[in-house]
Amino acid sequence: MNIVVCAKQVVDVGEIKVNPSTNKPVLEGIPKKISDIDKNAVEEAIRIKEKLGGKITVMTVGPPDAKDKMKELLAMGADEAVLIPRPQGADYHIVSKLLSKGIKKLGDVDLVLCGEASIDMFSGQVGPRIAGFLDWPQLTYSFKVEAEAGKVKACRNMGDRMVVTEASCPAVLTVTKEINEPRLPSLMQILGSARKPIHDWTVSELGMDGETARVLERDLRGVKMERKNIVFKDDLDEAVAQLAERLAKEGLLG
Amino acid sequence: MPRDWPKRAFWGDIMVVVYSDLKRNGFELLSKARELADKRGNKVCAVVIGKDAGTQAQEYIQRGADMVIVTGSSMEHFNAEDVSDILEVVVKEERPEIVLIASTKDGKELAPRLASKLDAGCISDANKIYVDGDSILAERVVYSGNGIAVEQFGSFPGIITVPGKAFDPLPIDPGRTGEVVNRDIVLKQQRSSIVDVQKMVSEGVNVEEAEKIVSCGRGFKKSDDLKLIEELARVMNGNTLGCSRPIAADLKWLSEDHWVGLSGHKVKPKLYIACGISGQIQHVAGMRDSGIIVAINKDADAPIFNSADYGIVGDLYQVIPKLIEAIRQKM
């Protein structure tokens, strides 16, 4: 079973600060990583490959420095990777279409796996958009997946209900964080990943030159969280008494 | 700009098309749709699908729709592939400027699929939508609550998904009239099939409405220990328990209706007490709008203290019983 996993390099949102003079989130100089849930998608792909064989290709739309992070996914067990440059101002329309065309170019793909959403923007658009472009079935929010030759079945968390859906391949799956625990690669695997190829594909060769974004970002405002940050420690009796006193003063008891 | 779409506006007199899998969210969308359409002097069209579509159509008209397209699909359960096919037909015929879809999980998998079929833009989870000259602007929370992006469509139609309670529904107007149009839309052959649907375990808790929430995380060693926060919640006259992702999703000590966070529930109580929660950004994103935030954690470096008004560094197994006693004396 040949699997494509779409993975995104994101800024570590836990490290973002808001610049008080511009009131904008500072995004430069923040550590980057592969979006957490995309690693769950890679892990699930590896488990399917272990059962059914095949090849795993990681596909990313992103900047050149994403290659370093993509190597982590190769070390986990993906076979090869494809990096497609992200055009300036690209929206979900452009990114998903680049990935869809990449999947077509790769050919002979049985499953596409994505995280339910990336942890920076959390829109969850890419998986269903790829399924729509390719007119493939989509099995979103999957927390348990059973794949067999030519077929896939998933238990899906749809909020108030659990839905079990099955489809013939090719199909697109999006997975939640609960589906598995992504493996940590061994030193040997990390060293071995250096030999695995990361192909550079261009926007032109995917026929997407001049494609215009459908959504434009007008502004990005920072949201400051202003909290009192009063911390009591050491003497717990004193700490608890202080806290209860404060809560009473805030009018929160009663 | 896609070739076959006009640069601005729509061809007919329908400005907004509304679809929601849940009626309650549908009413909220209609209220916003009404406001946008009135600004342009145009109409609101809602789409209802399924067996009870006829009665729902009347309710939608009383809540602000001018026209309701009813399609009695044979679809037994919501299926994003079928619904996106139906909406694709409607949008291509009516050519609205905007399509509003409820940001339920169904809506969140439907909207981008529909968007790709229409080559359209889609803005997810917008909690503000307004007209600005020729443009429609939408705002949404990004970077786990650290930013608000203001976005604009570069082409039409534009699809927007809207979370629950972002807008208040209009009151029922029994005298309001509108047109109900029955449409037979032939569905393509199903691509995936639903083999089972089960209700998620729910304890009937509504954390989104709660005024006081006592919340638990991985600092608790076993499910039985949650009695501690039950007791704490009880003495504060706030009976609502919340939790972080692992408690609901991995350990399943509490049902998912307790789950506070980016992919759980967004809460804004007057008081939020986080016990044994480290304060990962995804959790904070779900509770950052709370009035007063209290953190109890044995790790002085836990990020939860950065998001808290008051904190106690200490073992929750010691702190909570003492806090229960202290609060009991104040009540």
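Below are the figures for this structure:
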read-out: For B:311-320, mean number of other protein chain Cβ atoms within 10 Å; value: 4
read-out: Within 10 Å of each Cβ in A:233-242, the average number of Cβ atoms from other chains; value: 5
read-out: Rounded FRET efficiency, nearest 0.05, which uses the C-beta distance separating B:Lys270 from A:Val231 and R0 of 25 Å; value: 0.75
read-out: Helix-only CD estimate at 222 nm, as mean residue ellipticity for chain A, using -39500 (n - 2.57) per DSSP H run (n ≥ 4); value: -9000 deg cm²/dmol
read-out: Cβ crowding within 10 Å averaged over residues, with B:202-214, A:58-70, B:264-276 ranked highest first; value: B:264-276, A:58-70, B:202-214
read-out: Candidate aspartates and glutamates - alpha carbon under 16 Å from B:Lys330, same-chain residues fewer than 8 apart omitted; value: A:Asp237, A:Glu238, A:Glu245, A:Glu250, B:Glu231
read-out: P(r), alpha carbons of the stretch A:135-254 - 10 Å bins starting at zero, rounded %; value: 9, 15, 17, 25, 17, 12, 4
read-out: For chain B: Kirkwood Rh in Å [reciprocal of mean 1/r, alpha carbons]; value: 21.8 Å
read-out: For the protein assembly as shown, radius of gyration divided by Kirkwood radius, i.e. Rg to Rh on alpha-carbons; value: 0.98
read-out: Added length on full extension, which subtracts the Cα-Cα distance from 0.36 nm per residue, A:Asp36 to A:Lys105; value: 22.2 nm
read-out: Residue-span extension gain [B:Arg218 to B:Ser193] - 0.36 nm each, minus C-alpha spacing; value: 5.3 nm
read-out: Percent antiparallel among DSSP beta bridges (both partners in the protein assembly as shown, rounded to 5); value: 40 percent
read-out: Total charge dipole magnitude, chain A, about the Cα centre, Cβ charges on Lys, Arg, Asp, Glu only, Debye to nearest 20; value: 420 debye
read-out: Residues of type aspartates and glutamates that A:Lys71 reaches as a straight line, Cα spacing below 12 Å, ignoring anything fewer than 8 places off in the same chain; value: A:Asp79, A:Glu80
read-out: Label-to-label distance, nm, for residues given as B:Asp315 and B:Glu203 (7 Å Cα→Cβ offset); value: 2.5 nm
read-out: Inter-label distance, nm, simple model (7 Å from Cα along the C-beta direction), A:Asn23/B:Asp52; value: 4.5 nm
read-out: Cross-link pairs beyond the 29 Å C-alpha cut-off, checked among A:Lys228/B:Lys266; A:Lys153/B:Lys188; A:Lys153/B:Lys268; B:Lys23/B:Lys188; A:Lys224/B:Lys266; value: A:Lys153/B:Lys268
read-out: 10 Å Cβ neighbours from other chains, averaged over peptide B:131-138; value: 1
read-out: Set of lysines with alpha-carbon distance to A:Lys105 below 17 Å, sequence-local pairs under 8 removed; value: A:Lys55, A:Lys97
read-out: Rg/Rh (Cα only; Kirkwood hydrodynamic radius) as it applies to the stretch B:207-330; value: 0.92
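None of the figures in this text is laboratory data; all of them are computed from the coordinates on show. Since this is a predicted model, take the numbers as computed values, not measurements. Note: ideal-geometry Cβ built from the backbone for every residue, glycine included; neighbour counts use all protein chains shown.
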